[in-house]
1. Within segment 325-335, can you find the residues that are touching a Ser or Thr at 6+ places or on another chain (Cβ under 9 Å) and surrounded by fewer than 20 Cβ atoms within 10 Å (Cβ to Cβ)?
2. Specify which of the listed residues (Ala46, Ala67) is over 16 Å from the mean Cα position of the chain (by Cα), within 14 Å of Leu207 (Cα to Cα) and either surrounded by 18 or more Cβ atoms within 10 Å (Cβ to Cβ) or touching a residue at least 40 places away in the same chain (Cβ under 8 Å) (or both).
3. Of all residues in segment 124-165 being touching a Cys at 6+ places or on another chain (Cβ under 8 Å) and closer than 17 Å to Ala67 by Cα, which is surrounded by the most Cβ atoms within 10 Å (Cβ to Cβ)?
4. Between Ala202, Ala218, Ala261, Ala189, which is in contact (Cβ under 8 Å) with a residue 40 or more places away in the chain, in a helix (DSSP H, G or I) and out of contact with any His (no Cβ under 6 Å at 6 or more places or on another chain)?
5. For segment 1-43, how many residues are more than 23 Å from the chain's Cα centre (by Cα) and of a type in the set (A, V, I, L, M, F, W, C)?
6. Taking strands (runs of 3 or more DSSP E) that fall entirely within segment 76-183, which contain at least 3 residues that are modelled with pLDDT of 95 or more and under 30 Å from Asp253 (Cα atoms)?
7. If you check every pair at least six apart or on different chains, which have Cβ atoms under 8 Å apart with a residue in segment 104-125 that is without any contact (Cβ under 8 Å) to a residue 40 or more places away in the chain first and a residue that is assigned to a helix (DSSP H, G or I) second?
8. Just checking, does segment 211-221 include any residue being assigned by TED's automatic domain parsing to the domain that holds Ala67 and more than 23 Å from Ile134 (Cα to Cα)?
Amino acid sequence: MKIIDLRSDTVTQPTDEMRLAMFQAEVGDDVFQDDPTLNKLEEIGAKMFGKDAAVFVPSGTFSNQLAIFTHTKHGDEVLVDQNAHIVIHESGASSIIAGVQLFTLESNKGIWDLEKLKRSIKTKSAFTAGTTLICIENAYNGKVLPLDYMKQVYEIAQSRNIPVHLDGARIFNAATHLNCDVRDISQYADSVSVCLSKGLAAPVGTLLIGKKAFIDIAREKRKLMGGGMRQAGFLGAAGIIALQKMSKRLHIDHDNAQYLASKIETIAGFKVDYAERDINIVFFDTEDERKYDLESFLLSKGVKILPYEHPFRFVTHHNIDKKDIDYVIELMREFFS
């Protein structure tokens, strides 16, 4: 029986093309920068995002934390959204690895009040930690931040000589929604974290992308953090296909998410949050108290979802098609009837 997994787009399986490329990959020692396949991946990524250089790391959390570690020094303050992945889902790593203080700023689904942002930037003094980095996220959950907003944030940061790090775990989804090139987004950040395994079907890996001087330091600190890998070109081979091919099919996932959203609303009492309905993620809810038991019911039928956490979150991806969605909707209709 096929397992239908709607928990995240991190659950995608490598394509047959990826598996073959991994098998055939030419490899070397990446700590010595001798791995030709990984070098090629990093060159492709840097060029694609309009930056000088890139470094391959094991995960998105690793990439974000390496960026913070490289941009800042011990005791600095980093300004970040209160619900950002860096704050909520990265195990408090910023205080442990970089030794920085996170100042969290409330937003309207990723959009800050820019006057409040200006007031929140601090100058180092005997009493305050200085703000030395601003982190933003695009896409932000299921919401895509507009380019003009990103430009304004970047200009504010530049006026205070503060770099901007972009958590672009789903930046290709954001570009797909905006119908633009990813470099149109990355131009408003000094460093970018780009996940290869989130929706792009690579088995492992994220690229941290930025200026050469920044990446040179990040490469040294990657080793310090235990991220120096040897024959990692096997992973890089899948990453190349993720960037060059899988990034161009994300509109299918977006269409399937919209199809899923429309079907969910045919079930009595269910409402979709269209304020975060830009990419391949569908947030929805119901007042029916049976919702707390839906996860176990669906699992018994071969469908994996996250436990209910107000609201539900279903994610479409390469391994989900409309037939799968129809099957899930019929199961939900049966459960709530």
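1. Those that are touching a Ser or Thr at 6+ places or on another chain (Cβ under 9 Å) and surrounded by fewer than 20 Cβ atoms within 10 Å (Cβ to Cβ): Ile329, Arg333.
2. Ala46
3. His165
4. Values: Ala202 fails: in a helix (DSSP H, G or I); Ala261 fails: in contact (Cβ under 8 Å) with a residue 40 or more places away in the chain; Ala189 fails: in a helix (DSSP H, G or I).
Step by step, each of Ala202, Ala218, Ala261, Ala189 is checked, and only Ala218 is in contact (Cβ under 8 Å) with a residue 40 or more places away in the chain, in a helix (DSSP H, G or I) and out of contact with any His (no Cβ under 6 Å at 6 or more places or on another chain).
5. Total satisfying the criteria: 10.
6. On the way: elements: 77-81, 101-105, 131-137, 164-167.
In segment 76-183, 131-137, 164-167 are the strands (runs of 3 or more DSSP E) which contain 3 or more residues that are modelled with pLDDT of 95 or more and under 30 Å from Asp253 (Cα atoms).
7. Thr104/Val87; Leu105/Lys116; Leu105/Leu117; Leu105/Ser120; Ile111/Tyr149; Leu117/Val153; Leu117/Ile156; Lys118/Ile156
8. Going residue by residue through segment 211-221, those that are assigned by TED's automatic domain parsing to the domain that holds Ala67 are 211-221.
Within this subset, residues satisfying the condition of being more than 23 Å from Ile134 (Cα to Cα) are none.
No: zero hits.
The values are calculated or read from the model by the stated rules, or taken from the named source; none is laboratory data. Owing to the predicted nature of the structure, the values given are computational and were not obtained by experimental measurement. Glycine gets a Cβ as well: all are built from the backbone with ideal geometry, and neighbour counts include every protein chain shown.
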